[in-house]
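Inspection log for the structure reproduced underneath, given as C-alpha cells.
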Amino acid sequence: MKSIIFFYLILLTNGFQPIYFKLSQIGNEFEAANSTELLIIFDNIRSVIRCAILCSSNIQCHTFNFHSNSHQCYLFEGSIDTGHIISTSSSIIVGWINVKQDSSLTFTSIISTSTSSSTTTTIETTTPTTTIVTSVQTTDLTSIETSIITTIPLTTIVTSVQTTITTTGLTSIETSIPITTTFMTTVVTSIPITTTPQTTITTSTATTSMFCPPQLVTNGILFSITNPSSSNYPLYDCYNYQWIATDSSSTLSFFFRQDPGGWMLDDVNVYYNSTQLIINGGFETGDLTGWTWSGTCNINVGQAYYGSNDAHNGNYYYYDPCAGDNHGDTLQQTFPTIIGQTYFISFWLTNYDCCSTQEIANITIY
C-alpha cells in the first residue's frame, strides 16, 4: 500500500522563525539529569507529532519522550545535551528542539510519517511569496499524520493553505494544520478518505497598529496586579501611558513574581517626541544589556529568553519565573528626562500558566 502527500502553501508574509524537532530511533528514552526537570505527563496522546506540538507550546520544554504503547507524552525542561539517551522499550521515542537562528528562513513544515517499522521526519522551508511542495512516499503505511507549525506576524493579511491528499487503500487520514497568528487562529481539519479529496483553508487577520491608545498617568504607577484571575497567554496585552516627568532622571521599573509559571515582557519603549530612550527594549541582544536586574530568587530568575514563537516581536523576550513567598525580581532602566515634558511609555506583557495565588506584577515610573 502506498501513499503520496503533497502540501502547497502560499505565504503572503515574512518574518517566520522555525522550530525544528529531531527524533531518535524507536527504542530510545531520554533520562534527565535531574528529576525536577520533568515538567508534565500527558495521557491519551496518540502520536509523536501531538507530543511535539505539546512541547512546542510549552516555553519551558526542550525534550520529550513519547510512549506509543501507553499513549503518554513526557515533557522535560532539560535539553538533550544535559541528560542521557538510553536504550529501552521499542515503543518509546525521544524528540528534542533544535533551534536554528537563521533570519532568512520564513517557513517550516514538519512532516512525520509513521509506519509499522519506522518514523521518517522531513523538514522543508520556503521564502516569501513562493510555493513549497513537499512530498513523502512510504510503503506498508498504517497511519500518517502531518503538522504544520508556523507563526504569522501582526502585519499578516491573509494566509492560504491548500492540502491535496492522494491515497490508496486507506480508510481514513487526519491532517492537523495549526496556524498560529497573533490572534491565535487555529484550523484543524479531519478528512475521511473515499476518493481524492481537496480542501482549502483560509484564515484572515486585520492589520494592527504598533501601540494601543495611551492612558494618562500622574502618580507613577503604570500597572499593578496581584493574583490575576485570567490571562490572554499566548497573546500579549498592550500597555501604553502618557506621563509628565517630575525629575531630570527617571527610572522605569518592573517587579515580578509568579508560581508556577512566569511573566513574559517584550517591546518596552519610552519616547520623548520621536526619540527612543530605552536601550534593548526588545531584549534582542539576547541578554539584559541596558537593564539593571535585582532579586531575591536563587533559582528561576528573570532573564532574556530565545524563541520567536513566544516573543511578542523578534526573537527574544524577558521571562521571569521567580517564585516563593516574599521573593521577587526587579528589572529597571534609568534615563534622562526633562521636568514638565511629556513622555510615552509602552510595553507588551502576558502571564504564562496563570492563575494562582502567588502572582504579582508592579510596573512603575519614578
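Structure summary
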{"read-out": "Among the residues listed as Tyr241, Tyr272, the single one being out of contact with any Pro (no Cβ under 8 Å at 6 or more places or on another chain) and outside the structural domain of Asn58 (by TED's automatic domain parsing)", "value": "Tyr272"}
{"read-out": "Within segment 53-73, considering residues that are within 17 Å of Ala311 (Cα to Cα) and in a loop (DSSP other than H, G, I, E, B), the one modelled with the lowest pLDDT", "value": "Ser57"}
{"read-out": "Where Ser253 falls short, out of the listed (1) more than 28 Å from Gly340 (Cα to Cα); (2) in contact (Cβ under 8 Å) with a residue 40 or more places away in the chain", "value": "(1)"}
{"read-out": "Residue in segment 197-212 that is in a strand (DSSP E or B), of a type in the set (Phe, Trp, Tyr) and at pLDDT 50 or above present", "value": "no"}
{"read-out": "Test: residue in segment 300-307 that is in contact with a Ser or Thr (Cβ under 7 Å, 6 or more places away or on another chain) and in contact (Cβ under 8 Å) with a residue 40 or more places away in the chain", "value": "no"}
{"read-out": "Residue match in segment 256-270 (condition: modelled with pLDDT under 95 and under 25 Å from Thr337 (Cβ atoms))", "value": "yes"}
{"read-out": "Tyr352 surrounded by fewer than 16 Cβ atoms within 10 Å (Cβ to Cβ) and aromatic (Phe, Trp, Tyr)", "value": "no"}
{"read-out": "Count - residues of segment 292-307 that are crowded, with 17+ Cβ neighbours inside 10 Å and more than 24 Å from the chain's Cα centre (by Cα)", "value": "2"}
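Per-residue answers, yes or no, for (1) at pLDDT below 90; (2) surrounded by 15 or more Cβ atoms within 10 Å (Cβ to Cβ):
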{"position": "Leu75", "(1), (2)": "no, yes"}
{"position": "Ile93", "(1), (2)": "no, yes"}
{"position": "Lys100", "(1), (2)": "yes, no"}
{"position": "Leu105", "(1), (2)": "yes, yes"}
{"position": "Ser112", "(1), (2)": "yes, yes"}
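The values are calculated or read from the model by the stated rules, or taken from the named source; none is laboratory data. Quick caveat, the model's predicted, so the values are computed rather than measured. Glycine gets a Cβ as well: all are built from the backbone with ideal geometry, and neighbour counts include every protein chain shown.
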